[in-house]
1. Could you list all residues from the range 162-196 that are over 18 Å from the mean Cα position of the chain (by Cα), without any contact (Cβ under 8 Å) to a residue 60 or more places away in the chain, surrounded by 15 or more Cβ atoms within 10 Å (Cβ to Cβ) and over 19 Å from residue 262 (Cβ atoms)?
2. Is it true that some residue in the range 118-138 is surrounded by fewer than 20 Cβ atoms within 10 Å (Cβ to Cβ), out of contact with any Asp or Glu (no Cβ under 9 Å at 6 or more places or on another chain), not hydroxyl-bearing (Ser, Thr, Tyr) and not in a helix (DSSP H, G or I)?
3. Determine which member of the set 169, 218, 150, 175 is closer than 20 Å to residue 89 by Cα, of a type outside the set (Val, Ile, Thr), in contact with a helix residue (DSSP H, G or I) (Cβ under 9 Å, 6 or more places away or on another chain) and modelled with pLDDT of 90 or more.
4. When the residues of the range 198-241 are narrowed to those that are of a type in the set (S, T, N, Q) and not in a strand (DSSP E or B), which ends up surrounded by the fewest Cβ atoms within 10 Å (Cβ to Cβ)?
5. For the range 32-41, give me the residue count where each residue is surrounded by 15 or more Cβ atoms within 10 Å (Cβ to Cβ) and at pLDDT below 90.
6. Within the range 98-112, is even one residue touching a strand residue (DSSP E or B) at 6+ places or on another chain (Cβ under 7 Å), touching a residue at least 60 places away in the same chain (Cβ under 8 Å) and surrounded by 17 or more Cβ atoms within 10 Å (Cβ to Cβ)?
7. Taking the range 242-274 only, how many residues are of a type in the set (Ser, Thr, Tyr) and not in a helix (DSSP H, G or I)?
8. Pick from the range 139-161 the residues that are hydroxyl-bearing (Ser, Thr, Tyr) and part of a helix (DSSP H, G or I): which of them is surrounded by the most Cβ atoms within 10 Å (Cβ to Cβ)?
Amino acid sequence: MKRLFDAGVAPARNRSLIGLAIGLVILIAVQGALGRYQVSVLTTLLLYVCLVSAWNLIGGVAGQFSLAPSAFVGVGSYTVVMLLRGLETPVWLALALAVVAGALFAAILGLILFRLRGFYFTIGTLAVALAAMTWMTTWEFTGGTRGISAPLALIPDSKTLYLWALAAAGIALVASILVIHSSLGLRLRSVRDGEDIADSLGISPFSMKMVAMLLSGALTALGGGLFALQKASIEPFSAFSLDWSITIIVMAIIGGLGTVWGPVIGVVVIYYGITIQLQSLPAVSALLSGLILVLVIRFLPGGILGTVVAGVRALASRRTRRAG
């Protein structure tokens, strides 16, 4: 059975990996032709791809609707800036330690909150996110409400940061491809669709959710650390803001939950298609994003990608029946 399953998912996994490799090569090749503003926009877009793909593992594939991404972004941001500021740690090492910090925070969170299910789990993650932000505003070691700044001499230039963001997005997408197109992804989806049934089949819901939480937390902290380098200066109300969680979840839902490329589509639609194009009209941008979210939930429950895939399959099935 496992051999048959692997044979079924291997083509989709390989296609996704090949498509990702081609996309990364193109983005590297065009870097020299981009202006400073374009590099900045693409860097932010790639970092959002990392964050949304990371949340999709826990929220879309595992079905645990977490509101804690903002806490992981904050953990990654402060880990990187504090290491650069206090120890003058190399950037690559600071980012690696941010990933470790995100995974450790995710493990602690999972041990506490995976005793809860459904709505109660979501409220628990919200409480943790708010508590983390409140704590950071009073912790003088990290500057409290004043925040802290990274040494400018240690911050990579814009094109180097672009390559770091490209690497982070690539790592997050590879993780998504390998998880979704594998037996691990099948077990995670079984937990999402019915924990009790999965448990009766010998699948540990706690273990599966913990794996998804660790991956999601580590990748989100990586994205948060790179966002901190892009901004150079951070403070609790921005690094731990719930806007991170809301934006990430909206992008994932609009693109398509539980899919590899849905998060990418959601990021492009919301960040580049709305936020950047309407940056002089932030109120209109927020209103339009909310309207699109409502329309997608009402008429496209599978998100943009899920709806397109379902339509293509229906069309192919109809042609097959006609041919028969």
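The values are calculated or read from the model by the stated rules, or taken from the named source; none is laboratory data. Predicted model, so just to flag it, every value in this text is computed and none were measured. Cβ: placed from backbone, ideal geometry, glycine included. Neighbour counts: every protein chain shown.
1. The answer is 187, 190.
2. Scanning the range 118-138, I find no residue that is surrounded by fewer than 20 Cβ atoms within 10 Å (Cβ to Cβ), out of contact with any Asp or Glu (no Cβ under 9 Å at 6 or more places or on another chain), not hydroxyl-bearing (Ser, Thr, Tyr) and not in a helix (DSSP H, G or I), so the answer is no.
3. 218
4. Within the range 198-241, the first condition is being of a type in the set (S, T, N, Q), and the residues that meet it are 200, 204, 207, 216, 220, 230, 233, 238, 241.
Cutting the leftovers down to not in a strand (DSSP E or B) gives us 200, 204, 207, 216, 220, 230, 238, 241.
Working: 200: 9, 204: 14, 207: 12, 216: 30, 220: 36, 230: 18, 238: 19, 241: 17.
Per the stated criteria, the residue is 200.
5. Step one: filter the range 32-41 for residues surrounded by 15 or more Cβ atoms within 10 Å (Cβ to Cβ), giving 34, 39-41.
Then keep just the ones that are at pLDDT below 90; that gives 34.
Counting residues in the range 32-41 that are surrounded by 15 or more Cβ atoms within 10 Å (Cβ to Cβ) and at pLDDT below 90 gives 1.
6. no
7. So the count comes out to 1.
8. The extreme case among them is 142.
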